[in-house]
Amino acid sequence: MGGFYGYTHTAGGYDGGQAEYVRVPFADVGPTVIPDDIHIEDAVLLTDAFPTGYQAAEMGSIREGDTVVVFGAGPVGLFAAKSAWFFGAGRVIVVDCEDYRLEFAQKFAHAETVNFREVDDMATHLKKMTDWMGADVCIDAVGCDATGSTFHGVTGKILMLQAGSPIALHWAINSVRKGGRISIVGVYGPTFNMIPIGNAVNKGLTLRMNQASVKRHLPRLIEHIRAGHISPREIITHRIPLEDVADAYDIFVNKRDNCIKPVLIPPSARNDS
């Protein structure tokens, strides 16, 4: 009954949503009406990145004053870091390897930052930052495309001996405190990944993970926007015509031109159309 646009027949077989026209199954019950006072670009970010980041924070069961570490400063990670404050976090740390994204995280999410390329051991570094206790909550907003480990990069992304590189999840499990919580929204495919599950068991960790329940979150997220708590469109750095989608992917995937979040503009939505 459900599916993801452009995600092959593994998840419904619906043709991709990056097009001028999209077939919408169950369109009489699924879509949400955009309030007149919501900017259209804020609404665009309500379709995926913002709800996913918000749910990442929600699944962390963040308590008042908690230290939250977010692995990944892409759009979802940025929204997870921003949303962590909504749930009462006392400290938010974002980990990435791109300085321009870390600078953006400092401004947008008011987070402390760590460039993992400048750290010898990520878990030890984060424990040192937290009085050797570890973070209360770690959020994996990277998934199987993570860099940061030659071993996992070679075995997971080149030789395909595991389903991608799980290094961010390793860091999360090993740097969270005993009894801590881990939230996973980074994408992992079937079937096999080498993860330290024994460490998670012995530390008594709680792991929660899921695809985003976008529609469930929309009323609350619209409230946050209306209240001025967040303007999701602030993360948009590139607005690219739909017909130049190949260039958009090149810019985003290869992190060119300090790209954080590109949006595709179909002809019917452009003022010059």
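The values are calculated or read from the model by the stated rules, or taken from the named source; none is laboratory data. These numbers come from a predicted model, not from an experiment. As a convention, Cβ positions derive from the backbone with ideal geometry for all residues, glycine included, and neighbour counts pool all protein chains shown. Only protein heavy atoms, including side chains, enter the accessible area calculation; ligands, DNA and RNA are left aside. Shrake-Rupley method; radii C 1.70, N 1.55, O 1.52, S 1.80 Å.
Listing for the model above:
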| item | result |
| --- | --- |
| Selection status of Arg226, open to solvent by 50 Å² or more (accessible area, probe 1.4 Å) and under 21 Å from the mean Cα position of the chain (by Cα) | no |
| Pairs with Cβ under 8 Å, 6+ apart, first in the range 214-231 and at pLDDT below 95, second surrounded by 18 or more Cβ atoms within 10 Å (Cβ to Cβ) | Val214/Leu46; Val214/Pro51; Val214/Thr52 |
| Qualifying residues in the range 48-97 (those that are hydroxyl-bearing (Ser, Thr, Tyr) and within 13 Å of the chain's Cα centre (by Cα)) - the one nearest to Tyr5 (Cα to Cα) | Thr52 |
| Selection count, the range 8-19, where residues are exposed (fewer than 13 other Cβ atoms within 10 Å of the Cβ) and either assigned to a loop (DSSP other than H, G, I, E, B) or touching a residue at least 60 places away in the same chain (Cβ under 8 Å) (or both) | 4 |
| Whichever residue in the range 202-220 is under 22 Å from Gly143 (Cβ atoms) and in a helix (DSSP H, G or I) and, among such residues, is least open to solvent (accessible area, probe 1.4 Å) | His217 |
| Answer from Ser273, Ser268 - the residue that is at pLDDT below 90 and part of a helix (DSSP H, G or I) | Ser268 |
| Residue among Gly6, Gly77, Gly60 that is touching an Asp or Glu at 6+ places or on another chain (Cβ under 9 Å) and either among the aromatic types (Phe, Trp, Tyr) or closer than 20 Å to Lys107 by Cα (or both) | Gly77 |
| Residue match in the range 115-125 (condition: in a strand (DSSP E or B), closer than 12 Å to Phe71 by Cα and without any contact (Cβ under 8 Å) to a residue 40 or more places away in the chain) | yes |
| Matching entry among Val29, Val33, Val44, Val22 (being open to solvent by 20 Å² or more (accessible area, probe 1.4 Å), not aromatic (Phe, Trp, Tyr) and not in a loop (DSSP other than H, G, I, E, B)) | Val44 |
| For Arg101: the one exception among (1) open to solvent by 20 Å² or more (accessible area, probe 1.4 Å); (2) of a type outside the set (Ser, Thr, Tyr); (3) farther than 19 Å from Gly186 by Cα; (4) in a helix (DSSP H, G or I) | (3) |
